[in-house]
Amino acid sequence: MATAPPTPVAHAFIDESGDRGFTRGASDYFVMSAVVVRSHDLVAADGLLADLRAELRRQPRQVLRFKKLLPHHRTAAARRIGGADFLTISSVVVCKWMFDPRRVGWTDEASVYTETLYLLLQRISWYARERCGGLMSYTLAHIIRYKLAHLRALEARMKEQPRAQIDWPYLDPRGGSIDRPAKVQLLQLADLVASATAQAFEPRPGPPAPWYRAGPREGPTDRTYLEALAPRLYRRPPGRLSSYGLKVYPACDDPDLAWVDAL
């Protein structure tokens, strides 16, 4: 008789912001964020969403999307999430402007998604090992044309890679799941976090630029939301944030990004 897999002790809800392309009008950054909740805190996380809807004057169970919120509502949401001590956030920020994708093998949009997810799974597996001591489940927000079979094939390839630093024994052996924020409510927190994080990096709308170049578009960004979320970012003792709670890829010493380590 088959033995049932162990029950996860924590859950990661994952969403992204920005686009995965390298066309002239594409975003400079692609962000993927995980909001981690321990099993015994799932009720509290549901309560946080309910409180957010009430504060933002939304209907019960109405889907919250960062892009549809007014600036002051975005600030309120970021502060609420930043103050929820039962949550942990880990994000990967891909600086698409820093390399020619053809030279690193990122030949299409799927490559960007795959590599970003790989980096994020590393981090949530490390968190599960170091902070939870048990299995982490993970759920991805649904994206167009990406099916569960694609995720299973990707997981299988990752497990075969000798370079992989994903601590697979701490991730649910059944693999990740894919769902919609309307059904899996806590994916809405991931949407809010990913988009808030992207605001700190992505310049506000400006003139189109080539898909690879010596620097990002010029223009103002808004770190307010990410700064509000900062208390929830995954920090490895003695408090290291970079590469854990906020992984910038590829690593660089760009002075314009020096503020990341100061969060």
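Every number in this text was worked out from the coordinates using simple rules, so none of it is lab data. Everything numeric here is computed off the predicted structure, so don't read it as measured data. Positions of Cβ are backbone-derived with ideal geometry, glycine not excepted, and every protein chain shown enters the neighbour counts.
Remarks
- Taking amide hydrogens as placed 1.01 Å from N in the peptide plane, the amide H of Ile178 sits under 5 Å from those of Leu140, each at least 5 positions away in sequence or on another chain.
- Mean-square fluctuations from a GNM of the chain, with a 10 angstrom spring cutoff on Cα atoms, peak among Arg20, Arg232, Arg58 at Arg58.
- For region 115-185: rounded, prolate or oblate by the Cα gyration tensor [a/c cutoff 1.5]: oblate
- For the chain, a Gaussian network of Cα nodes joined below 10 Å ranks Pro181, Pro169, Pro237 by mean-square fluctuation, and the top entry is Pro237.
- The chain: DSSP helices with Cα axial extent of at least 27 Å and average Kyte-Doolittle hydropathy no lower than 1.6: none
- A simple packing score, the average count of other Cβ atoms within 10 Å per residue, orders the peptides 29-38, 184-193 as 29-38, 184-193, with the highest score first.
- Structural descriptor for the chain: relative contact order 31 percent, calculated from alpha carbon pairs under 8 angstrom and at least 6 residues apart.
- According to the Kirkwood relation over distinct C-alpha pairs, the hydrodynamic radius of region 1-102 is 16.3 Å.
- Convex hull of alpha carbon positions in the chain: directionally averaged projected area 14.9 nm².
- Rounded to whole numbers, the Karplus 3J(HN,Hα) couplings from phi for region 221-238 are 10, 9, 8, 3, 5, 5, 4, 5, 7, 3, x, 9, 6, 5, 10, 8, x, x Hz, using 6.51 cos²θ - 1.76 cosθ + 1.60 with θ = phi - 60°, and x at Gly and Pro.
- GNM result for the chain, Cα springs below 10 Å: residue of Leu148, Leu226, Leu119 fluctuating most strongly: Leu148
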